[in-house]
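S.K.: Structure below; questions to follow.
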Amino acid sequence: MENKEKALIIVDVQKAFDDKKWGERNNLNAEENISKILQLWREKGWLVIHIQHTSDNPDSVFHPKNEGFAIKEIVEPIDKEVIINKKVNSSFIGTNLEEVLNENEVTTVVITGLTTPHCISTTTRMSGNLGFDTYLISDATAAFGMKDHKGTYYDAEAIHNISLTTLHDEFATILSTAESINKFFK
């Protein structure tokens with residue numbers, strides 16, 4: 001694959017997700033896995049796009065004046081890496097992400113970041129629907145435990161796995177970090 005054909009998208013790896021309010025989380029090494037992929041991507045000089053969630057609500061952990069808005073140091077943008085701010089779950093809605101991908105002749109998108117059932121799922125679905133060859137890295141994303149509409153609690157691992165299941169083969173190819181390294185760098 002030519003470098004023009006692919007992009008690594010790192011969604012919402014922000015300090016806001018360290019807040020205790022989210023509860024139990026799976027894949028505690030997701031950021032380390034993203035960092036591994038990112039380092040290899042940088043060595044190749046391939047396109048890296050950082051998505052940063054922002055909120056207009058001053059009380060939100062995602063408000064630009066709050067510490068949670070910052071991208072975690074482990075995947076902090078460098079040089080001319082693209083940073084796109086978004087206000088909704090999809091990295092494509094209200095942003096220039098699709099334009100940046102098209103301008104760079106990207107056909108393959110590799111998605112990592114937080115959280116699996118929300119911004120990752122929504123961005124992955126849209127990427128697939130827009131016709132990009134989309135890969136989601138299963139252990140380079142994570143979920144938090146959640147309650148359903150009836151009050152039943154599902155742990156983080158269940159939420160994560162069900163989210164991946166709903167995306168697999170229809171919207172994206174699901175790979176582990178190791179599988180993605182074998183696919184893109186061997």
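The values are calculated or read from the model by the stated rules, or taken from the named source; none is laboratory data. Note that the coordinates shown come from a computational prediction; the quantities given were computed from them, not determined experimentally. Because the Cβ atoms are built from the backbone with ideal geometry, glycine has one as well, and the counts that use them run over all protein chains shown. Only protein heavy atoms, including side chains, enter the accessible area calculation; ligands, DNA and RNA are left aside. Shrake-Rupley method; radii C 1.70, N 1.55, O 1.52, S 1.80 Å.
S.K.: Looking at (1) without any contact (Cβ under 8 Å) to a residue 60 or more places away in the chain; (2) within 20 Å of residue 12 (Cβ to Cβ), can you tell me which one residue 149 breaks?
M.R.: Result: residue 149 fails condition (2) only.
S.K.: Another question about this same structure. Take the residues in the stretch 116-155 that are among the aliphatic types (A, V, I, L, M) and over 14 Å from residue 168 (Cβ atoms); name whichever of them is surrounded by the fewest Cβ atoms within 10 Å (Cβ to Cβ). Spell out the reasoning first.
M.R.: To start, the set of residues in the stretch 116-155 that are among the aliphatic types (A, V, I, L, M) comprises 120, 126, 130, 136-137, 140, 142-143, 146.
Narrowing the set further to residues that are over 14 Å from residue 168 (Cβ atoms) leaves 126, 130, 140, 142-143, 146.
Working: 126: 19, 130: 14, 140: 31, 142: 25, 143: 29, 146: 18.
Selected residue: 130.
S.K.: So which residues in the stretch 4-46 are surrounded by fewer than 17 Cβ atoms within 10 Å (Cβ to Cβ) and farther than 18 Å from residue 182 by Cα?
M.R.: Result: 4, 15, 18, 19, 20, 21, 23, 24, 28, 29.
S.K.: Separate question: Within the stretch 153-162, can one find any residue that is in contact with a Gly (Cβ under 9 Å, 6 or more places away or on another chain) and over 23 Å from residue 31 (Cα atoms)? Quick ask: steps written out before the conclusion?
M.R.: Going residue by residue through the stretch 153-162, those that are in contact with a Gly (Cβ under 9 Å, 6 or more places away or on another chain) are 153-159.
From what's left, over 23 Å from residue 31 (Cα atoms): 153.
Yes, because at least one residue in the stretch 153-162 is in contact with a Gly (Cβ under 9 Å, 6 or more places away or on another chain) and over 23 Å from residue 31 (Cα atoms).
S.K.: Scan the stretch 93-114 and give yes if some residue there is over 18 Å from residue 38 (Cβ atoms) and in contact with a Ser or Thr (Cβ under 8 Å, 6 or more places away or on another chain), otherwise no.
M.R.: At the first step, the residues of the stretch 93-114 found to be over 18 Å from residue 38 (Cβ atoms) are 93-96, 98-99, 102-103, 105, 107.
Still in the list and also in contact with a Ser or Thr (Cβ under 8 Å, 6 or more places away or on another chain): none.
No, every residue in the stretch 93-114 fails to be over 18 Å from residue 38 (Cβ atoms) and in contact with a Ser or Thr (Cβ under 8 Å, 6 or more places away or on another chain).
S.K.: Which members of the stretch 149-186 meet the condition of being under 15 Å from the mean Cα position of the chain (by Cα) and among the polar types (S, T, N, Q)?
M.R.: Taking the stretch 149-186 as the starting set, the residues that turn out to be under 15 Å from the mean Cα position of the chain (by Cα) are 160, 163-164, 167, 171-177, 180.
Hits for the stretch 149-186 are 163, 173, 176, 177, 180.
S.K.: Still on this model: Which condition does residue 98 not pass, out of (1) open to solvent by 40 Å² or more (accessible area, probe 1.4 Å); (2) part of a loop (DSSP other than H, G, I, E, B); (3) at pLDDT 95 or above, if it passes all the others?
M.R.: Tallying (1) open to solvent by 40 Å² or more (accessible area, probe 1.4 Å); (2) part of a loop (DSSP other than H, G, I, E, B); (3) at pLDDT 95 or above, residue 98 fails exactly one: (2).
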